[in-house]
1. Please tell me the relative contact order of the chain in percent, rounded to the nearest whole number, where contacts are Cα pairs under 8 Å and at least six residues apart.
2. Pull out the extension gain between residue 2 and residue 28, defined as 0.36 nm times the separation in residues minus the alpha carbon to alpha carbon distance; nm, one decimal.
3. Taking the Cα centre of the chain as the origin, how large is its charge dipole in debye, to the nearest 20, when only Lys and Arg (+1) and Asp and Glu (-1) carry charge on their Cβ atoms?
4. If I model a spin label at residue 20 and residue 47 as a point 7 Å from the Cα along the Cα→Cβ vector, what separation in nanometres do I get?
5. Of 37, 24, 8, which is farthest along the charge dipole of the chain in the positive direction, counting Lys and Arg as +1 and Asp and Glu as -1 at C-beta?
6. Pick the calculated Rg/Rh (Cα atoms, Kirkwood Rh) for this structure from (1) 1.17; (2) 1.22; (3) 0.94?
Amino acid sequence: MHVVIVGFDRGTNAPALYEYDDINGEPVEARPAHINGYLLDASDVFVEARSQKTGP
């Protein structure tokens, strides 16, 4: 997988995601309401440790 983030803007334009069905094809644009840290049209997800490290 390759991810390229071109820039950030605080303008009024809605965020856009571009996907390619074929690496040599044309991009397909989507205008999601929210883009999370994994660059998905989904709510924010935070991963937390599930266990504590015990002694040596």
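Every read-out reported here was derived from the displayed coordinates using simple, explicitly stated rules and does not represent laboratory data. Small disclaimer: the values here were computed from a predicted structure and weren't measured. Quick reminder, even Gly has a Cβ in these numbers, built from the backbone with ideal geometry, and neighbours come from all protein chains shown.
1. 20 percent
2. Working: separation 26, 0.36 × 26 = 9.36 nm, distance 1.57 nm.
Contour length minus Cα-Cα distance gives 7.8 nm.
3. Here the chain has a charge dipole of around 480 debye.
4. Those two pseudo-labels are separated by 2.6 nm.
5. Most positive-ward Cα: 37.
6. (1)
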